[in-house]
1. Here is a check on your reading of the model: is residue 90 closer than 18 Å to residue 254 by Cβ and among the aromatic types (Phe, Trp, Tyr)?
2. Can you pull out the residues in the range 50-84 that are hydroxyl-bearing (Ser, Thr, Tyr), closer than 16 Å to residue 139 by Cα and open to solvent by less than 30 Å² (accessible area, probe 1.4 Å)?
3. Just wondering, is there one or more residues in the range 47-70 that are over 18 Å from residue 221 (Cβ atoms), of a type in the set (Lys, Arg) and in contact (Cβ under 8 Å) with a residue 24 or more places away in the chain?
4. Being surrounded by fewer than 19 Cβ atoms within 10 Å (Cβ to Cβ), among the charged types (D, E, K, R) and over 24 Å from residue 77 (Cβ atoms) is true for just one of 149, 169. Which residue is that?
5. With touching a Lys or Arg at 6+ places or on another chain (Cβ under 9 Å), of a type in the set (A, V, I, L, M), open to solvent by less than 50 Å² (accessible area, probe 1.4 Å) and part of a helix (DSSP H, G or I) as the only criterion, which of 252, 218, 224 stands out?
6. Residues being modelled with pLDDT of 85 or more, of a type outside the set (Gly, Ala, Ser) and open to solvent by less than 40 Å² (accessible area, probe 1.4 Å): count how many of those fall in the range 193-211.
7. Pick from 33, 89, 46, 116: which is touching a Pro at 6+ places or on another chain (Cβ under 8 Å) and polar (S, T, N, Q)?
8. Could you give me the residue pairs with C-beta distances under 9 Å whose first residue belongs to the range 198-210 and is within 17 Å of residue 261 (Cα to Cα), whose second residue is aromatic (Phe, Trp, Tyr) and outside any helix (DSSP H, G or I) wherever it lies, and which are 6+ apart or on separate chains?
Amino acid sequence: MHISNIWGKVIPEYKKIIFWAVIIGLLHILSLSNNLLFHTLIELFSIIVAYVIFLLAWESKTFLENRYILFLGISYFFIGILDLLHTLSYESMGMFPGFSTNLPTQLWIAARYMQSISFLVAPLLLINHGMGKVRSYIRPVEKSMFAWRVFFVYAVVTLICILSIFVFRNFPDSYVEGSGLTPFKVLSEYAISLIFLCSLVLPYFKRSYFENKIFKLLAASIILTIFSELTFTIFNYVYDFPFALGHYLKLLSFYLVYKAIVEMGFGEPYRAFCSGN
């Protein structure tokens, strides 16, 4: 009976691996013939995931016991906005005439800074409310006020980024036609990777606040994101393999966040953040 239970868990995992291998294989074939469609599909997937996370977190804001999910959920709404602008800003899309390849690269950097800093700050909001833990009751109105404050802060920051890039054009250049990535862009990718790495430290020491599977999924997502950012320091053209590889890693990292926050955090809310350790 014990062996059959283990085998029953292994089979679905193999199916998932095969599924993602097929998806990435098809995307790679697509990237060789239509890079714009390849990029758009991957970015749209991440944007949809971001909005799903936000909607579930926002609709649950008055009864979520832990602010970690709510904070990340709100952040993903604005990350999704910047990623959507990034997707639409490719010159081949023709959505923003008068802008060069520098525009989508700037929007990418802005979105990744927002994402990395959000993961760095979110663990500060973790509350251990497992068995034997004493915590004060937070009224629904206070939870709602917290959500609106966070939403307002992110809205202001996002607006500043958009104005800096589109209107005032004082956001540092990230890509120069003819020479490729700028030092600011490369150094930013390293800085973002470092921020993501630091965002693993506090959750590691507070991992008793998570159900074990949740922590592993979030850690794996962050690690994949770090590798994704590092690959974007070595490509010069969108047809280079590191460009495609970075997007494959982003695709998988967003999927793992979905698994951790949506399926586990909302599908099994009492296990997700109540380990009782």
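The values are calculated or read from the model by the stated rules, or taken from the named source; none is laboratory data. Since we're looking at a predicted model, the values are computed, not measured. Here the Cβ is made from the backbone with ideal geometry for all residues, glycine too, and neighbour counts use every protein chain on show. What goes into the accessible areas is simple: the full protein's heavy atoms, side chains included, and nothing from ligands, DNA or RNA. Shrake-Rupley method; radii C 1.70, N 1.55, O 1.52, S 1.80 Å.
1. no
2. 60
3. Yes: the range 47-70 contains one or more residues that are over 18 Å from residue 221 (Cβ atoms), of a type in the set (Lys, Arg) and in contact (Cβ under 8 Å) with a residue 24 or more places away in the chain.
4. The conditions single out 169.
5. On the way: 252 fails: touching a Lys or Arg at 6+ places or on another chain (Cβ under 9 Å); 218 fails: touching a Lys or Arg at 6+ places or on another chain (Cβ under 9 Å).
Of the residues listed, the single one that is touching a Lys or Arg at 6+ places or on another chain (Cβ under 9 Å), of a type in the set (A, V, I, L, M), open to solvent by less than 50 Å² (accessible area, probe 1.4 Å) and part of a helix (DSSP H, G or I) is 224.
6. Here is the first cut: in the range 193-211, the residues modelled with pLDDT of 85 or more are 193-205.
This time we only want the ones that are of a type outside the set (Gly, Ala, Ser), so: 194-198, 200-205.
Narrowing further to those that are open to solvent by less than 40 Å² (accessible area, probe 1.4 Å): 195-196, 200, 203.
Summing the residues that are modelled with pLDDT of 85 or more, of a type outside the set (Gly, Ala, Ser) and open to solvent by less than 40 Å² (accessible area, probe 1.4 Å) in the range 193-211 gives 4.
7. 89
8. 203/210; 209/273; 210/273
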